[in-house]
Amino acid sequence: MTGVAEPTTETGGVLSPQYRALTVGMVALITLTAFESLAVATAMPTVAQALDGLSLYALAFGGPLASGVVAMVVSGTWCDLKGPTRPLWHGTAWFLAGLIIAGLAPSMAVLVVGRVIQGFGSGLLMVALYVVVGHLYPARLRPRIFAAFATGWVVPSLVGPTIAGLIVEHTSWRFVFLAVPAIAIPAVLVMRPGLARGSVYDVRPGKLWDKRALWAVAAAVGVGLLHYGGQQRGVLQLVLLAVGLAGVVVFGPRLLPSGTFAFGRGLPSVIALRGLVAAAGFGAEVFLPLMLTRQRGLSPALAGLVLTVSALSWSAASWYRGRPKQPFSHAVFLQAGMVAIVLGIITAALTLSPQVPILVGILGWSLTGLGMGTVFPTLSVLVLEYSERDEQGANSSAAQLSDSLSTATILAIGGSLFAALEPHSAVLAYLVAFGLPAVLALLGVPAGRRTSPSSL
């Protein structure tokens, strides 16, 4: 165990004087990270054209995903050995440095380097923020702060692509990268007084770059190959996907708690469910706008409205889960959330048929948003609840690794199957694209029950 003091038991909420600056700073950093992810996705076609770098387009996304996997493992170990403050500062510095390099890049190769650095910083940063919650916030406030974190991810999805599009159209794509540091630096400085309350930790013996870090590098290579291979064609695609999948399957489980893939009771099922919900929700979401525009003839703006409605329902569910005196156990909420995700995916897929009104798809996908907003904050709370003080870094890292590895895998597999089937039968391609995430979400229903250490 570390020598970290128990979080204060002072009364007040996450915006009371003793927590206000820390809460605002952390939520601001998460919001900026989410905005940057969405903004870059919007701007990248323009970037690739401007820098004549279409051949490196896939690496601009796969690179930061891969470096983030390594950073999550390193950050988890670092937090448990030294406390979360150092990895938080280092993560912020790497994240901002990567943005500046990308924003000033004279070529696509340099931009990819900046993106890799940015991804590494983001991985360090995100794990450290979760550990800060475990160390400095009492248990009664953790649902509220994780609900705020969830909202920090949702809000940029409402406005991020639009703002990025306006920046690219009316100024320069470089400001998509360079504007964030100007806002992030004040957010970090605001956090300093709050972090100082938990800056003293007993130093534990151990190495940052141990065998787990090496396993993370191998898994990261697998993630990168999955992402890159999914955008290739022919034999090269099959080889890259096979090697990448092998890397994730062989080395990924070594980075997660024992029993994760067997849905062991308690923490293993929490970690497993984090991967299932992320893969199910995001695995289906990428195909929904495509289906609505190609199959139902909606404009991109109207197709985006469907995602906006789900983002609002996600935010509403997260807000509710942050309220005190919840009527049901965590396990019940998790099961209900996964059922909502299953129903939402199935209902949205029904809009493949011209006879099904688009409104049905909008309402259906809002169910998915409700489920995601219910499950994600609940899992974050349980990770800390089931972790000893000196294990919060490793377990927070495992939760985010499960998310990243599962999402990368399902997107690569689903995308490849879609590309292979779509020329022959568009309907079958979409059914497979939505069917795989729906099956994963269905597996999450019994997994939600097993997050309780004993039978309900």
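Please work out if S454 is open to solvent by 40 Å² or more (accessible area, probe 1.4 Å) and modelled with pLDDT under 85. Full working, then the answer.
On the way: open to solvent by 40 Å² or more (accessible area, probe 1.4 Å): yes; modelled with pLDDT under 85: yes.
Spelling it out, S454 is indeed open to solvent by 40 Å² or more (accessible area, probe 1.4 Å) and modelled with pLDDT under 85.
Does S353 satisfy the criteria of being over 16 Å from the mean Cα position of the chain (by Cα) and at pLDDT 90 or above? Working first, answer last.
On the way: over 16 Å from the mean Cα position of the chain (by Cα): yes; at pLDDT 90 or above: no.
No; evaluated as a whole, the condition is false for this residue.
Mind checking whether some residue in the stretch 29-38 is under 26 Å from L241 (Cα atoms) and either surrounded by fewer than 21 Cβ atoms within 10 Å (Cβ to Cβ) or among the aromatic types (F, W, Y) (or both)? Reasoning before the result, please.
Keep residues of the stretch 29-38 that are under 26 Å from L241 (Cα atoms), which gives 37-38.
Now restrict to residues that are either surrounded by fewer than 21 Cβ atoms within 10 Å (Cβ to Cβ) or among the aromatic types (F, W, Y) (or both): 37-38.
Checking the stretch 29-38: at least one residue is under 26 Å from L241 (Cα atoms) and either surrounded by fewer than 21 Cβ atoms within 10 Å (Cβ to Cβ) or among the aromatic types (F, W, Y) (or both).
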Hits in the stretch 287-323 - residues which are at pLDDT below 80, outside any helix (DSSP H, G or I) and touching a helix residue (DSSP H, G or I) at 6+ places or on another chain (Cβ under 7 Å): L298
Tabulated pairs, the stretch 303-329, first over 18 Å from S380 (Cα atoms), second open to solvent by 20 Å² or more (accessible area, probe 1.4 Å) and of a type in the set (D, E, K, R), C-beta under 9 angstrom, 6+ apart or interchain: A303/R296; L307/E285; S310/E285
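Any idea which of F175, F146 is under 19 Å from A311 (Cβ atoms) and touching a residue at least 40 places away in the same chain (Cβ under 8 Å)? Steps first, answer last, please.
On the way: F175 fails: under 19 Å from A311 (Cβ atoms).
Every option except F146 fails the conditions.
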Of all residues making up the stretch 325-358, the number that are open to solvent by less than 60 Å² (accessible area, probe 1.4 Å) and assigned to a loop (DSSP other than H, G, I, E, B): 4
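Confirm whether V127 is buried (at least 23 other Cβ atoms within 10 Å of the Cβ) and either hydrophobic (A, V, I, L, M, F, W, C) or modelled with pLDDT under 80 (or both). Walk me through it before giving the result.
Details: buried (at least 23 other Cβ atoms within 10 Å of the Cβ): yes; either hydrophobic (A, V, I, L, M, F, W, C) or modelled with pLDDT under 80 (or both): yes.
So V127 passes the test.
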Test set (1) surrounded by fewer than 24 Cβ atoms within 10 Å (Cβ to Cβ); (2) within 17 Å of the chain's Cα centre (by Cα) - M44 fails condition number: (2)
Selection count where residues are touching a helix residue (DSSP H, G or I) at 6+ places or on another chain (Cβ under 6 Å) and not in a helix (DSSP H, G or I), scope the stretch 262-286: 1
Residue count, the stretch 228-254 (criterion: touching a helix residue (DSSP H, G or I) at 6+ places or on another chain (Cβ under 7 Å) and not in a helix (DSSP H, G or I)): 3
Filter pass, S157 being assigned to a helix (DSSP H, G or I) and among the polar types (S, T, N, Q): yes
Of the criteria (1) among the aliphatic types (A, V, I, L, M); (2) under 17 Å from the mean Cα position of the chain (by Cα); (3) open to solvent by 10 Å² or more (accessible area, probe 1.4 Å), which one V168 fails: (2)
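Conditions tested, residue by residue: (1) open to solvent by 20 Å² or more (accessible area, probe 1.4 Å); (2) in contact with a Ser or Thr (Cβ under 9 Å, 6 or more places away or on another chain); (3) touching a residue at least 24 places away in the same chain (Cβ under 8 Å); (4) hydrophobic (A, V, I, L, M, F, W, C).
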position: V223; (1), (2), (3), (4): no, yes, yes, yes
position: Y228; (1), (2), (3), (4): yes, no, yes, no
position: L236; (1), (2), (3), (4): yes, no, no, yes
position: A242; (1), (2), (3), (4): yes, no, no, yes
position: R254; (1), (2), (3), (4): yes, no, yes, no
position: S258; (1), (2), (3), (4): yes, no, no, no
position: S269; (1), (2), (3), (4): no, yes, yes, no
Out of D403, D390, sole residue that is within 20 Å of the chain's Cα centre (by Cα) and closer than 24 Å to A71 by Cα: D403
Selection status of S387, more than 15 Å from G281 (Cα to Cα), open to solvent by 10 Å² or more (accessible area, probe 1.4 Å), in contact (Cβ under 8 Å) with a residue 40 or more places away in the chain and not in a helix (DSSP H, G or I): yes
The listed residue being closer than 29 Å to V47 by Cβ, modelled with pLDDT of 90 or more and surrounded by fewer than 21 Cβ atoms within 10 Å (Cβ to Cβ), out of A97, A71, A102: A97
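The values are calculated or read from the model by the stated rules, or taken from the named source; none is laboratory data. For clarity, every value in this text was computed on a predicted model and none was experimentally measured. Backbone-built Cβ (ideal geometry, glycine too); neighbour counts: all protein chains shown. To get the accessible areas, we keep the full protein, side chains included, count just its heavy atoms, and leave off ligands, DNA and RNA. Shrake-Rupley method; radii C 1.70, N 1.55, O 1.52, S 1.80 Å.
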